[in-house]
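Input: a single structure, listed below in structure tokens.
The values are calculated or read from the model by the stated rules, or taken from the named source; none is laboratory data. Note that the structure is a prediction, hence the values are computed from the model and not measured. No Cβ is skipped: glycine too gets one built from the backbone with ideal geometry, and neighbour counts run over all protein chains shown. Quick note on the areas: whole protein, heavy atoms, side chains included, nothing else; ligands and nucleic acids left out. Shrake-Rupley method; radii C 1.70, N 1.55, O 1.52, S 1.80 Å.
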Amino acid sequence: MTVRSTFTDDRPDFRFRPHDDRCSELTSPEFAEPTTRLAFGCDWPATVTDDPLSRVPRFTGDSVNVAPYADAAERVRFLADTFGSQDWLWDTPDVLRFDPDSRKLVGAELQLPYVSAAAETSTRLPVLPAVRPGGLRADEVRDFRHETCTVLCRSPGDAVLVSLRDLDVLEEPVDACIGIAPDVVLLVQRGAVVGWSLSDPARHLTLAYADPDPAPPSPATRRLLAECLDLVTQPVVDDLLDGEPNALARLRAADESLRDQHEDRHRAAALRSLIAAMVQDYGS
């Protein structure tokens, strides 16, 4: 398992500030209404539309996928036929893809941060505005780069996962919540996209490229999702890398519970896949 470091001194500062002419343009009155115009990064604007994506999101435990492809080959073709932000070799920003003719959002892949905020930090999350369902239309056909979030805030029982650009987002209210797909919401401050949330992640658990089981998740799945999220995010993942006995025992116990779970097998398989590399490297 490759663990990305999200708090490094050389991490680019993607905070939305008017530090050059392009950013100053995005703080103009045109962007004062956050539910109409959004900025990704610093210089890539889009307009909120009234047609969100209808596809049910796929949650693999470390990413949320809302896209039409069903295998790796289809994904390659999808990326070739669209424009926007995408991963490339070792560069892994969030993926947001737009149709070149309509310029509408047609797919997204959002990466879950590897750093879980402390419980006391998660309680600082502001009360979020009501969700406005909406799609996105790019102002122009041009590629851009949307940096992944760095901090994961988890509600009690992991009913909602909130990924934030950084902890500075907690210092100001969230101005708008744009529901780009069922249970998938972009968080907006001052017209800038500063995070996203996924509601009921257990329901959307699935293996890569597979649609989630339409049946509701079992209580055991919800409990094991919480445990697996602990295992794949800091600080517990650091304890695993350091060989801490308690963390290793938790990893082995989670793997055994998932192997023995007889109900909700599709979601159990997704969670086993999430921790498989760690079990292979550290679980024996």
* Is it the case that some residue within segment 194-201 is open to solvent by less than 10 Å² (accessible area, probe 1.4 Å), within 30 Å of Asp99 (Cβ to Cβ) and touching an Asp or Glu at 6+ places or on another chain (Cβ under 8 Å)? -> yes
* **Tally, over segment 252-284, of residues that are touching a Leu at 6+ places or on another chain (Cβ under 7 Å) and in contact (Cβ under 8 Å) with a residue 24 or more places away in the chain** => 14
* Asked: Can you find a residue in segment 138-149 that is open to solvent by less than 10 Å² (accessible area, probe 1.4 Å), under 24 Å from Arg103 (Cβ atoms), touching a strand residue (DSSP E or B) at 6+ places or on another chain (Cβ under 8 Å) and not in a loop (DSSP other than H, G, I, E, B)?
  -> yes
* Asked: Could you say which residue among Gly243, Gly191 is open to solvent by less than 40 Å² (accessible area, probe 1.4 Å), in contact with a Leu (Cβ under 8 Å, 6 or more places away or on another chain) and at positive phi?
  -> Gly191
* To do: Kindly list, by first and then second residue, each pair from a residue in segment 212-233 that is of a type in the set (S, T, N, Q) to a residue that is in a helix (DSSP H, G or I) and surrounded by 18 or more Cβ atoms within 10 Å (Cβ to Cβ), limited to pairs with Cβ atoms under 9 Å and residues at least 6 apart or on different chains.
  => Ser218/Arg267; Ser218/Ala268; Thr221/Arg267; Thr221/Ala268; Thr221/Leu271
* **Wholly within segment 35-105, strands (runs of 3 or more DSSP E) carrying at least 3 residues that are open to solvent by less than 60 Å² (accessible area, probe 1.4 Å) and of a type outside the set (S, T, N, Q)** => 37-40, 44-48, 95-98
